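S.K.: My questions will all concern the structure given below.
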Amino acid sequence: MNKPSANSLPVVVLSCQVFQLWLENILPPEIAKNITFFDYGLHRVPKNLRQTIQSAIDSIENPSLVMLGYGLCGNGLNNIQAGKHFLLIPRTDDCIAILLGSYQAYRREMEKQPGTYYLSKGWLESGSNPLQEYQELERKYGADEAAWLMDYQYHNYKRLMLVARNQSELEQYRPRALEVAEYCSRWGMQYEELIGSDEYLEQFAALANNLERFTDEFLLIPPGGVLKQSLFMRIE
């Protein structure tokens, strides 16, 4: 895994804005000053997310350990090229497992109710939720066509869950989440709330100074390597 040589490199962090408050507080100060946060809305068009992150990686002049505060994110980070850098990224499909604290926590929630649609600060801020989608479709196609498209996409979902960093964030975003929940009641979705955990991000931050703590909860792509969707797959 080439961990020792990666350990000697400067660290650069490229992250989704959803993790800003967390990473700024838990990363060492000398690393925290080298973070670039990107807008939540990039997730809505995975191609744009890929192009933005690839451009940011390519613009880093010196060989570095580039920590990516993302998951695979709708294949938005599929085929990202490391170039002359090492890439370090949580091994998860999206930000939900990171917000919950671990992939195992995510699996437990999936076992409770596989048909769960997750809301978070980032998704609500970016407008990526069923209510916002319906409103955009209604403006474009009219109410009947928008309703048909939404029913086709969401009729199998049974639960809507708001995941927040702490109680304060939960209370701040609850009103927006409840508006989405009221709309999603058309499919019988039950609304729930959950306060997540810092554990996954704390492990991520710890790797900045010591890659000997590396586990299979993360991926480390060496120089010349490519971040592939298949690397995120797990055998259950």
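S.K.: Starting from residues that are among the polar types (S, T, N, Q) and farther than 12 Å from Ser102 by Cα, keep the ones in region 192-214 and report whichever is modelled with the lowest pLDDT.
M.R.: We begin by selecting, within region 192-214, every residue among the polar types (S, T, N, Q); these are 197, 203, 209-210.
With the extra rule that they be farther than 12 Å from Ser102 by Cα, the set shrinks to 209-210.
Numbers: Asn209: 81, Asn210: 85.
Here the residue is Asn209.
S.K.: Any idea which residue in region 6-34 is farthest from Ala205 (Cα to Cα), counting only those that are free of Cβ contacts under 8 Å to residues at least 40 places away in the same chain and out of contact with any helix residue (DSSP H, G or I) (no Cβ under 6 Å at 6 or more places or on another chain)? Spell out how you get there, then give the answer.
M.R.: Let us first name the residues in region 6-34 that are free of Cβ contacts under 8 Å to residues at least 40 places away in the same chain, namely 8, 20, 24-25, 29-30, 32-34.
Add one more test, that the residue is out of contact with any helix residue (DSSP H, G or I) (no Cβ under 6 Å at 6 or more places or on another chain), and what stays is 8, 20, 25, 29-30, 33-34.
Numbers: Ser8: 16, Gln20: 13, Asn25: 10, Pro29: 11, Glu30: 12, Lys33: 13, Asn34: 13 Å.
Once the filter is applied, the top-ranked residue is Ser8.
S.K.: For the structure I just gave you, tell me whether Ser102 is among the hydroxyl-bearing types (Ser, Thr, Tyr), in contact with an Asp or Glu (Cβ under 9 Å, 6 or more places away or on another chain) and within 25 Å of Asn210 (Cα to Cα). Let's see the steps before the verdict.
M.R.: On the way: among the hydroxyl-bearing types (Ser, Thr, Tyr): yes; in contact with an Asp or Glu (Cβ under 9 Å, 6 or more places away or on another chain): yes; within 25 Å of Asn210 (Cα to Cα): yes.
Answer is yes for this residue.
S.K.: Just name the residue that is surrounded by the fewest Cβ atoms within 10 Å (Cβ to Cβ) out of those in region 61-88 that are polar (S, T, N, Q) and closer than 11 Å to Leu227 by Cα.
M.R.: Asn79
S.K.: State which residue pairs qualify: first residue under 20 Å from Val12 (Cα atoms) and inside region 40-67, second residue small (Gly, Ala, Ser) in any location, beta carbons under 7 Å apart, and separation of 6 or more residues or different chains.
M.R.: Tyr40/Gly122; Tyr40/Ser126; Leu49/Gly76; Arg50/Gly76; Ile57/Gly83; Asp58/Gly83; Leu65/Ala6; Met67/Ala208
S.K.: Let me ask you something else. Contact list please: Cβ distance under 6 Å, first residue in region 168-188 and under 22 Å from Trp148 (Cβ atoms), second residue surrounded by 18 or more Cβ atoms within 10 Å (Cβ to Cβ) and among the polar types (S, T, N, Q), pairs at least six apart or on different chains.
M.R.: Between residues of region 168-188 that are under 22 Å from Trp148 (Cβ atoms) and residues that are surrounded by 18 or more Cβ atoms within 10 Å (Cβ to Cβ) and among the polar types (S, T, N, Q), the close pairs are Val180/Asn129.
S.K.: Of all residues in region 177-197, count the ones that are buried (at least 17 other Cβ atoms within 10 Å of the Cβ) and over 14 Å from Tyr117 (Cβ atoms).
M.R.: 1
S.K.: Looking at region 194-236 only, could you name the residues that are part of a loop (DSSP other than H, G, I, E, B) and of a type in the set (Val, Ile, Thr)?
M.R.: From region 194-236, those part of a loop (DSSP other than H, G, I, E, B) are 196-198, 207-210, 214-217, 222-225, 228, 233-236; that's our starting set.
Those that are part of a loop (DSSP other than H, G, I, E, B) and of a type in the set (Val, Ile, Thr): Thr215, Ile235.
S.K.: Report yes if Glu111 is surrounded by fewer than 21 Cβ atoms within 10 Å (Cβ to Cβ), among the acidic types (Asp, Glu) and free of Cβ contacts under 8 Å to residues at least 60 places away in the same chain, otherwise no.
M.R.: Taking the combined requirement at face value, the residue satisfies it.
S.K.: Let me ask something else. Evaluate the following for Glu202: is it touching a residue at least 24 places away in the same chain (Cβ under 8 Å), surrounded by fewer than 16 Cβ atoms within 10 Å (Cβ to Cβ) and more than 24 Å from Pro46 (Cβ to Cβ)? Quick ask: steps written out before the conclusion?
M.R.: Values: touching a residue at least 24 places away in the same chain (Cβ under 8 Å): yes; surrounded by fewer than 16 Cβ atoms within 10 Å (Cβ to Cβ): yes; more than 24 Å from Pro46 (Cβ to Cβ): yes.
Against the criterion (touching a residue at least 24 places away in the same chain (Cβ under 8 Å), surrounded by fewer than 16 Cβ atoms within 10 Å (Cβ to Cβ) and more than 24 Å from Pro46 (Cβ to Cβ)), Glu202 qualifies.
The values are calculated or read from the model by the stated rules, or taken from the named source; none is laboratory data. All values derive from a computational prediction rather than experimental measurement. Cβ atoms come from the backbone with ideal geometry, glycine included; neighbour counts cover every protein chain shown.
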